[in-house]
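The values are calculated or read from the model by the stated rules, or taken from the named source; none is laboratory data. This is a predicted model, so every value here is computed, not measured. Counting neighbours? That spans all protein chains shown, and the Cβs are built from the backbone with ideal geometry, glycine included. The protein model used for the area step is the full one, side chains on, heavy atoms only, and it has no ligands, DNA or RNA in it. Shrake-Rupley method; radii C 1.70, N 1.55, O 1.52, S 1.80 Å.
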Amino acid sequence: MANQLRVGLIGTGRIGQVHAKSVVSHPDTVLHRVSDVFLEGAQQTAQEYGGEATGNPDELFSAGDLDLIIIASPTTTHIDLIEKAIDAGIPALCEKPIDLDIAAVDRLREKANATTVPIGLGFNRRFDPHFAAVRSRVLAGDIGNLEQLLITSRDPAPASTEYLAVSGGIFRDMTIHDFDMARYFVPEIVSVTAQGFNQFSSDIKGLGDYDATAVALRGSNDELVLITNSRHASYGFDQRVEAFGSEGMLRAENITDTNVQHYTANLVEAKPPYQNFFLERYMDSYRNELEEFIKRIRGEASNTPTFEDGRMALVLANAATESAQTGTTISVSAR
Ligand SMILES: NC(=O)c1ccc[n+]([C@@H]2O[C@H](COP(=O)([O-])OP(=O)(O)OC[C@H]3O[C@@H](n4cnc5c(N)ncnc54)[C@H](O)[C@@H]3O)[C@@H](O)[C@H]2O)c1
């Protein structure tokens with residue numbers, strides 16, 4: 001189609017594959033260029049989904065034929081690539097987090113906020129249809145005033161120790177999604193109280209990190225947001241949101257591949273485990289995330305998280321880390 005947006009993809013690892021799939025399944029986008037420093041990865045992805053492969057991501061910024069770049073390379077590359085996209089005038093959708101270092105984020109902050117080039121952050125969970133429906137109904141007043149938001153997020157199993165060693169810790173690596181979800185419902189957070197726990201993994205403890213967390217956030221209207229995380233869950237990827245208000249409650253439960261229940265002499269209401277991990281559970285959200293960013297490129301109203309949203313998620317993650325380490329509540333209103 002003549003009016004399709006030509007997309008350049010940087011990084012063809014786990015999440016790069018998801019984005020490639022979203023691009024080819026969207027009628028308004030086509031995968032035009034694919035890059036990965038691991039050239040074979042770029043070539044395989046281009047072969048499967050289309051586009052020209054290169055081992056040099058810089059070629060995407062100078063080619064002059066891209067309408068949108070998706071940054072799906074490791075976190076340490078994000079700041080640099082966002083800046084290149086701004087300089088080249090190409091809209092960029094960048095995976096979360098922007099960076100693990102707030103000083104690095106702040107060096108680009110002014111430029112990122114001043115530019116007219118659309119920059120989006122990949123907090124895909126905003127676009128999960130179930131969580132989005134809870135939020136729309138909260139905004140529509142279905143539960144009166146929002147008083148409490150409960151976010152449960154448990155991974156099926158910890159990532160490798162090598163990954164965890166450079167992940168920035170559980171609050172910056174895992175809870176960061178939940179901080180963005182919290183801000184989606186309660187845009188202004190004023191304080192963070194967090195605790196970290198070492199319940200099952202001596203490897204994670206050895207890294208000075210936690211395998212479970214509890215975070216309480218206070219909103220500017222005195223809303224309470226409670227986040228609980230674990231790095232493991234024997235029954236699958238556990239992702240739930242509950243909004244409690246003055247006139248009721250809205251809840252988004254976990255998803256299984258089937259709603260058929262199994263009854264025997266030993267069990268009732270049994271269903272298969274929850275969808276295994278983010279690739280399955282959030283596939284719709286990644287497609288919707290792209291759709292939402294296309295709206296931003298076209299100048300339409302869009303909920304795509306901004307650079308500033310990405311920065312605030314990191315501010316909250318840093319505050320949670322500090323709170324867990326010092327046993328104090330951290331004020332974030334002026335940060
Ligand atoms: N939104 C989500 O649900 C979600 C899920 C997973 C990962 N992520 C984020 O996505 C990013 C990538 O994670 P992943 O799990 O896909 O990692 P990965 O290691 O599976 O893939 C990263 C790919 O980028 C390539 N690469 C490395 N340096 C590069 C560079 N300078 N230019 C181009 N390519 C380069 C690597 O060769 C690799 O193929 C991380 O920032 C991570 O936090 C987000």
Open item on the list: Considering all alpha-carbon pairs of the stretch 16-67, what whole percent are spaced by more than 16 angstrom?
Closed with: 35 percent
Task: Approximate spin-label separation Gln148-Glu253, in nm, with each point projected 7 Å along Cα-to-Cβ - done: 2.0 nm
Task: Under DSSP loop assignment and at most 13 Cβ neighbours within 10 Å, longest GluC sites (Glu not before Pro)-free interval of the chain - done: 1-187
Open item on the list: Show me, for the stretch 276-283, the HN-Hα J-couplings you get by feeding each phi into the Karplus relation (A = 6.51, B = -1.76, C = 1.60, θ = phi - 60°), rounded to Hz, glycine and proline as x.
Closed with: 5, 7, 4, 4, 7, 4, 10, 4
Open item on the list: Taking all protein chains in place and a 1.4 Å probe, what share, in percent, of the accessible surface of the chain do carbon and sulfur account for?
Closed with: 48 percent
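Using a 1.4 angstrom probe on the protein heavy atoms only, line up Arg137, Arg311, Arg240, Arg183 by accessible area, largest first.
The residues order as Arg137, Arg240, Arg183, Arg311, largest area first.
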Task: Per residue solvent-accessible surface (Å²) - the chain, probe of 1.4 Å - done: 45 Å²
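Using only DSSP helix segments of four residues or longer, with each worth -39500 (n - 2.57), what per-residue ellipticity at 222 nm results for the chain after dividing by its residue count and rounding to 500?
Here the helix-only value at 222 nm equals -11000 deg cm²/dmol.
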Open item on the list: Please give me, ordered by residue number, the chymotrypsin sites (Phe, Trp or Tyr not before Pro) of the stretch 144-239 that lie in loop per DSSP and have at most 15 other Cβ atoms within 10 Å.
Closed with: Phe200, Tyr235
Task: the stretch 5-117: relative contact order in percent, alpha carbon pairs under 8 Å with at least 6 residues between - done: 25 percent
Task: Partner aspartates and glutamates for Lys271 [C-alpha distance under 18 Å; skip if fewer than 8 residues away on the same chain] - done: Asp238, Glu253, Asp257, Glu280
Open item on the list: What does the C-alpha gyration tensor say about the overall shape of the stretch 101-168? Classify as rounded when a/c is under 1.5, otherwise prolate if a/b is larger than b/c, or oblate.
Closed with: oblate
- [ ] Report the convex hull volume per residue for the stretch 5-117, counting only C-alpha atoms, in Å³.
- [x] 89 Å³
TODO: Give me the distance in nm between label points sitting 7 Å out from Cα along the Cα-to-Cβ direction at Ser234 and Thr76, one decimal.
DONE: 3.8 nm
Open item on the list: Can you compute the modelled spin-label distance between Leu279 and Ser202, with each label point 7 Å from Cα toward Cβ, in nm?
Closed with: 3.2 nm
Open item on the list: How large is the translational diffusion coefficient of the chain in µm² per second when you combine the Kirkwood radius over alpha carbon pairs with Stokes-Einstein at 37 °C and 0.692 mPa s?
Closed with: 157 µm²/s
Open item on the list: To test your reading of the geometry: what angle, between 0 and 90 degrees and rounded to tens, separates the Cα axis of helix 102-114 from the longest principal axis of the chain?
Closed with: 60 degrees
TODO: Would you mind pulling out the separation of the Cα centroids of the stretch 210-265 and the stretch 60-86, in Å?
DONE: 34 Å
Open item on the list: If I fit a long axis through the Cα atoms of helix 307-326 and take the longest principal axis of the Cα atoms of the chain, what angle between them do I get, 0 to 90°, rounded to 10?
Closed with: 40 degrees
Task: Residues with amide H under 5 Å from that of Leu68, placed H, sequence gap 5 or more - done: Arg6, Gly8
Task: the chain: angle of helix 14-25 to the longest principal axis, Cα-based, in degrees nearest 10 - done: 70 degrees
